[in-house]
Amino acid sequence: MSKTIPLTFILLLAFINAYAVRISGTVTDTKGNPLSYASIQVKGSSRGTTTNTEGKYFLDINAGSYTIVAQYVGYAKQEKAITVSNTGVTLNFQLAEQQLTLSEVVVKSGGEDPAYGIIRNAIKKRKEYLLDVDSFTCEAYIKTLIKTRKLPKKIFGQKLDTASRKQMGVDSAGKGIIFLSESLTRIAFKNPGKLKLEVLSGRESGSNGYGFNFPTFINFYENNVNVLTAQFAPRGFVSPIAEGALNFYRYHYLGSFFEDGIEVNKIQVIPRRNFEPLFSGTINITEGDWRIHSLDLLLTKSSQLEILDTVEIKQIHQPVTNAIWRTKDQVVYFSFNIFGIDAVGTFLNVYNKYDITPQFSKKYFDNVIVKYDTSVNKKTHSYWDSIRPVPLEPEEVKDYKIKDSAYHYQRDSVWTKHYIDSLRRMQGKITYKSIMNKGFTRTSYNIQNKTSSTFKWNPLLPGLEYNTVEGVALNASFSLREPLGKGKEQVVIDPHFRYGFNNTHFNAWATIAFNKRFRNFGLEEPEKQSGTLSFSGGKRVSQFNKDNPIAPAINGLYTLFFNRNYMKLYENYFGEINYTNKTESGFNYDLNILYEDRLPLNNTTNYSIIKYDVQKFTPNYPTEILDSQFTRHQAFIAGITLHYQPGQKYIQFPRSKVSIGSTYPTFELNYQKGFPGIAGSDVNFDKWKFSVFDDINLKLLGSLRYRFDVGGFLNNKNVPVQDYQFFNGNQVIFASEYMNSFQLAPYYANSTTAHFYAVGHIEHHFNGLLTNKIPLFKKLNWYLVAGSNAFYVNSNNNYAEIFGGIENIFKVLRVDVIGSYLNGKNGQVGVRIGFGGLLGGKLKVND
């Protein structure tokens, strides 16, 4: 007994001393205004936290004596010694604005501003600090908040009614939180350039999602600084201490202050020119060792910022050891007003638990860059309260409470009769407008099996065409998705119907596809990639070139107004089997077997709205390579396409792995075999093509895209015109697909069955380079683009074109002027209008 009591007492004392005690308080300025996102640090350790927008903070530490440090950019750091036992402690800070001492050299007439000498020294030390550790690990608490200040009445034509606003979490004025998430991520880094993020936990308001989990690494020791994502600024931004920074910035010495015995110089950063990818604001550099102490830098539209209107970055750097400093806190404030959506937001990163001598297993750094814990979105409220370093705002607490309650109600009642009935009512009525112009979708629910079937009707009016073969042609189609078994697989049925009013031909065909379904309700991750097996058959109308070089709508426009029938068609009874598989390794393949019974079609009308003295319509076959219409024949063709991009990197979700790309180019090999004698097949050929293509970001210099193909026929004993090698031409003012066509070439004149050919496409997107010197262009953010397209078969069959143009017009349009050379002779000069730029670059020409 006498031995037990002392042991119990010792264990009790150990428990008390190990018990975490909460320190909390508020950080304000001298006038009592809260300092949002001020840094709170336990001196001599890497532990700390950050205040919220109300200046409030809390920090859980073990009982003992500590010095707590409060710091905010532009304000004098304050330290307070404190001893804590087993009860919570309130510790407030009131920070005074930083008092700067000006150097005497500033007042000397004609002398260089001392800021330049400081910046030169910082530039000399930049690379050393960029590579000052071989490896490190840390943890990052990440909070993302986006709030609207105003919303339009409609977004993309969809009315925002009261129910929609309520679901978004905004009030009648359009104000409120539309996105809120938190996450805790472990970061591991090792030179050269090895990175791994382990997402330990994630939470998103109103869903079962993982939240925004990726730290917004903004490293000003890099020459070219990436901010958030390349889409906001594909050229990146020049760091104020980059190698060539003196050519881009002017600097002004504001003074210095002392902190922990270290003199810190405050430098104003001023862009030399507007509409360059440059920051403005202040950067604080330590005296003597010339490292970044803290910074407050701003980007605006005059910094060539896209989508966002403003981005403000605040960082505080602190020593991890005497010689090593790291970013402690980072806040990114942003705002945007696009399509009538006026919003602001913050990305808050709080870094803790730095270890600059970590030990990694041999295969720790692999091709998985981001890995999610299997219980990433299954943490309790008490867990988040225990690990959250920044107190939630009252409006954030309210947002979580309301949206999470609504989500859980929806999740728990999703297969109840009451909820399914409400979903059915929300589908509305089928109207004449929805049949003709808008289309509609209907979902049928099986409560017992917890599966759903979807019927989608495609509107009729967009399917109307006009051509010289069919006259007016009406296309009708719909799709039906049905679950198989327990819903883990599905079948997709896509019937198509087409009627030509002038030639009275009716065509009908369908595709039936089978694939797996991996998405479950509430699982916020991409579907796992899987194979798709499809069967198609029926009777259809096809272009001779299956790449469909001209869109039916554009052909109809040129037929009705310019007497040009560029699109050449034939009918075919067909059957096709296709299997496509996308693997996680970046290796994809496609297997295809096609049978066609090909029937010729002839023109049946020469009607056009504008009449011409000379009839310009041509027969419905490629007159450049055929003297007369082809005869009916059959073709049995098998093909395989192999697609591989080495060096793939991945995100590992709990239930799937998704590729996020590679720095290597993509390689593709296609082979087709035409078999004679099978089911009456007349064809006999072997056709191949090898391609390599890539999109390279050159930062300040823009981006470069290229595609090179080589191919030919190993055997060309019997190659019908439909199976020729086509070089996709374009004879209309609307641009065709930029990296797979020739903007001024004829559609069929250069088609070939030669044993070898070569094709090249290259274009450079300047992304603001050079145009930022032109007054109107730099304000509109219009960018230059230039390049060339060419193919070579032989000395009598070759083509080249060069082009230059402007893109990012209204963020969508691109206009090029092209000069061409056909068979070594001057061809023509023309203009093409297409999609290009921030938004237009994501669209396909034939969409």
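Here are some notes:
- Flag if LEU669 is within 27 Å of GLY729 (Cβ to Cβ), in a strand (DSSP E or B), open to solvent by less than 40 Å² (accessible area, probe 1.4 Å) and touching a Lys or Arg at 6+ places or on another chain (Cβ under 9 Å): no
- Members of segment 768-788 that are among the polar types (S, T, N, Q) and either open to solvent by 20 Å² or more (accessible area, probe 1.4 Å) or at pLDDT 95 or above (or both): SER788
- Criterion (surrounded by fewer than 14 Cβ atoms within 10 Å (Cβ to Cβ) and in contact with a Lys or Arg (Cβ under 8 Å, 6 or more places away or on another chain)) met by exactly one of GLY48, GLY88: GLY88
- Here ASN563 meets the list (1) open to solvent by 30 Å² or more (accessible area, probe 1.4 Å); (2) out of contact with any strand residue (DSSP E or B) (no Cβ under 9 Å at 6 or more places or on another chain); (3) under 21 Å from PHE501 (Cα atoms) almost entirely, failing just condition (1).
- Filter result (assigned to a helix (DSSP H, G or I) and among the aromatic types (Phe, Trp, Tyr)) within segment 394-417: TYR400, TYR407, TYR409
- In segment 128-168, the qualifying residues are those that are open to solvent by 30 Å² or more (accessible area, probe 1.4 Å) and of a type in the set (Gly, Ala, Ser), and the one that is nearest to LEU197 (Cα to Cα) is SER164.
- Across segment 701-741, the qualifying residues are those that are in a loop (DSSP other than H, G, I, E, B) and either free of Cβ contacts under 8 Å to residues at least 60 places away in the same chain or closer than 30 Å to PRO277 by Cβ (or both), and the one among them that is most open to solvent (accessible area, probe 1.4 Å) is GLU737.
- Checking each residue in segment 583-616 for being assigned to a loop (DSSP other than H, G, I, E, B) and crowded, with 16+ Cβ neighbours inside 10 Å picks out GLY586, LEU601, ASN603, THR604, THR605, SER608.
Yes/no per residue for (1) under 19 Å from ASP329 (Cβ atoms); (2) of a type in the set (D, E, K, R); (3) over 40 Å from the mean Cα position of the chain (by Cα):
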| site | (1), (2), (3) |
| --- | --- |
| THR51 | yes, no, no |
| PHE58 | yes, no, no |
| GLY64 | no, no, yes |
| THR67 | yes, no, yes |
| ALA70 | yes, no, no |
| GLY74 | yes, no, no |
| PHE93 | yes, no, yes |
| GLN99 | no, no, yes |
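- Among the residues examined, TYR748 does not qualify as buried (at least 16 other Cβ atoms within 10 Å of the Cβ) and free of Cβ contacts under 8 Å to residues at least 60 places away in the same chain.
- Within segment 114-137, being free of Cβ contacts under 8 Å to residues at least 60 places away in the same chain and touching a strand residue (DSSP E or B) at 6+ places or on another chain (Cβ under 8 Å) holds for one residue alone: ASP134.
- Any hit, segment 689-699, residues being touching a Gly at 6+ places or on another chain (Cβ under 6 Å), closer than 24 Å to ALA786 by Cα, among the charged types (D, E, K, R) and in contact (Cβ under 8 Å) with a residue 24 or more places away in the chain: yes
- Residue within segment 209-219 that is over 20 Å from HIS317 (Cβ atoms), touching a Lys or Arg at 6+ places or on another chain (Cβ under 9 Å), among the aromatic types (Phe, Trp, Tyr) and open to solvent by 30 Å² or more (accessible area, probe 1.4 Å) present: yes
- Taking the criterion of being in a strand (DSSP E or B) and open to solvent by 70 Å² or more (accessible area, probe 1.4 Å), the residues of segment 789-847 that qualify are TYR792, ILE802, VAL817, TYR821, LYS825, ASN826, GLN828, VAL829.
The values are calculated or read from the model by the stated rules, or taken from the named source; none is laboratory data. Nothing here was measured: the structure is a model prediction, and the numbers come from that model. Using ideal geometry, Cβ is built from the backbone for each residue, glycine included, and neighbour counts are taken over all protein chains shown. For accessibility, only protein heavy atoms count, side chains too; no ligands or nucleic acids. Shrake-Rupley method; radii C 1.70, N 1.55, O 1.52, S 1.80 Å.
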